[in-house]
Amino acid sequence: MLDKRPYEPLDVGTLPRRLATAPGLADRLGPAEHWRVREVGDGNLNLVFIIEGPLGSVIAKQALPYARCVGDSWPLSLERSYFEYHALVRLGQRDPGRLPQVHAFDQEQALIVMDYLAPHVILRKSLMAGEVLPQLDRQMGQYLARTLFRGSDFALETAHRKRDLALFAGNVELCGISEDLIFTDPFCVSPRNRITPGLEEDAAAVRADRDLKLAAAALKRKFATRAETLLHGDFHSGSVMVTAQDSRVIDPEFAFYGPMGFDIGAFLGNLLMAYFAQAGLGADERARGAYEDWILQLMEGVWTSFEKEFAQLWRTERSGMLGLAELFEDSGDAQGAEAARAALLRDIWRDTLGFAGIEMHRRILGLAHIPEFETIADEVVRADCERRALAMGRRLMLQADTFSDPRQVSRLARSVRLA
Ligand code: SR1
Ligand code: MG
């Protein structure tokens, strides 16, 4: 246990002093006087340090009392670190080995010490570098199925889930960021919005598109009211770290109870944006075509693996209040249970596509953009890539009902890409 001290943002000098007495850390790293500390955070919100000692390394992540990407004009409470810690523990239990292990949590300092993932790199960077990751679809599909199913009333004991629901209901501030930045800002004039020059007419067309705004409103209602399972809450390709064979999920500070399709949709939407960005990322045409195909295969494979793992969990771990084996298997109607699963997966698939489409809008028209597009130096090329992604996102938001499987999504992506 660390002694309680009032919060202060730490730096490479004060961090080792703060953590020197943290139980177990010296065993993991070696003596504190030999630690080397570097600040490496490049995310939107927090400080991130790598601490290297003679025996090993860890990451220390500290929340700042404001949004780092904007500055102290956007104050944020430190509590997000508390929710991130609880989410890391729960998601890690539901898909063991897929999240960094937590070694210390200092609530007062909003500081989490966890595994340093090496040689992993952020998935976005890997997708921009054209790397093929043969295990990623299976690992991400399984991660999504395990965490979403095991955190829901299909699996968890009711009292446990309701207690957890109450705990994460406190993550008001970060949910508020998503409510504004994802579901509202891209569809109206907001001082937080930013666009690539050349997209002005496209942004105005979105603001005037009543059908699209109705779809955004319906998705926002789902996000805010359907407390189905514990979500990561910000599951994009900057929240996954990869090697050629392994992947880890990081940064669940936006965790809350929401609709299953939200995490899946955010991930698939980011893969689709990586697909549309390839045209501006400078690989030669042949290599690019093959890589674009692989990204679409990855997107399809994540959903297929999710569905497969979800079905397996449905058959073997449906012990929660919504499991309802009494109505089906216990009454001699095993087929009824399969029909209930198929209906649920159709529902999640529809939500997934809508959330994917809205994620694609907010990353192009809102505050928080993505490096896949931002690193395209030629603004005309960038705007063209983004325009195609917006067209795809619109179809996903408005026609989610019409796609029966992810291959149809890939077909549409190819035709939008080549139009
Ligand atoms: C002010 S925070 C902006 C974005 O960064 C985070 O990663 C979330 O995606 C959030 O919407
Ligand atoms: Mg993050």
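The values are calculated or read from the model by the stated rules, or taken from the named source; none is laboratory data. This is a predicted model, so every value here is computed, not measured. Virtual Cβ from ideal backbone geometry, glycine too; neighbours counted across all protein chains shown. SASA here: full protein model, heavy atoms, side chains in, ligands and nucleic acids out. Shrake-Rupley method; radii C 1.70, N 1.55, O 1.52, S 1.80 Å.
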Filtered residues of the stretch 68-99 (kept if of a type in the set (A, V, I, L, M) and open to solvent by less than 60 Å² (accessible area, probe 1.4 Å)): Leu76, Leu78, Ala87, Leu88, Val89, Leu91, Leu99
statement: For the stretch 225-259, the count of residues that are open to solvent by 10 Å² or more (accessible area, probe 1.4 Å), more than 12 Å from ligand 2 (Cβ to nearest atom) and either of a type in the set (S, T, N, Q) or within 9 Å of the chain's Cα centre (by Cα) (or both) equals 3
- prompt: Would the stretch 195-215 turn up any residue that is open to solvent by 60 Å² or more (accessible area, probe 1.4 Å), more than 16 Å from ligand 2 (Cβ to nearest atom), at negative phi and touching a strand residue (DSSP E or B) at 6+ places or on another chain (Cβ under 9 Å)?
  reply: no
task: Find the helices (runs of 4 or more DSSP H) located wholly in the stretch 318-419 whose residues include 3 or more that are open to solvent by less than 10 Å² (accessible area, probe 1.4 Å), and list them.
output: 334-365, 379-398, 406-418
message: For the stretch 266-279, check the following and say yes or no: at least one residue is crowded, with 21+ Cβ neighbours inside 10 Å, closer than 19 Å to Phe355 by Cβ, away from ligand 2 (no atom under 16 Å from the Cβ) and among the small types (Gly, Ala, Ser).
response: yes
task: Take the stretch 1-46 and flag every residue that is out of contact with any Pro (no Cβ under 9 Å at 6 or more places or on another chain), touching a residue at least 40 places away in the same chain (Cβ under 8 Å), closer than 20 Å to Asp251 by Cβ and open to solvent by 30 Å² or more (accessible area, probe 1.4 Å).
output: Gly43, Asn44
task: Confirm whether Phe49 is part of a helix (DSSP H, G or I), surrounded by 13 or more Cβ atoms within 10 Å (Cβ to Cβ) and of a type outside the set (Gly, Ala, Ser).
output: no
query: Among the candidates Val416, Val381, which residue alone is more than 16 Å from ligand 1 (Cβ to nearest atom) and under 30 Å from Arg68 (Cα atoms)?
result: Val381
Selected residue (only one of Arg226, Arg192 is farther than 25 Å from Cys69 by Cα and modelled with pLDDT of 95 or more): Arg226
task: Those residues that are touching a strand residue (DSSP E or B) at 6+ places or on another chain (Cβ under 8 Å) and open to solvent by 20 Å² or more (accessible area, probe 1.4 Å), I need them from the stretch 143-163; list them, please.
output: none
Residues satisfying the stated conditions in the stretch 256-280, i.e. away from ligand 1 (no atom under 12 Å from the Cβ) and of a type in the set (A, V, I, L, M): Met260, Ile264, Leu268, Leu271, Leu272, Met273, Ala274, Ala277, Ala279
- request: For the stretch 60-178, please list each of the helices (runs of 4 or more DSSP H) lying entirely inside it that holds at least 1 residues being aromatic (Phe, Trp, Tyr).
  value: 80-94, 136-150, 158-168
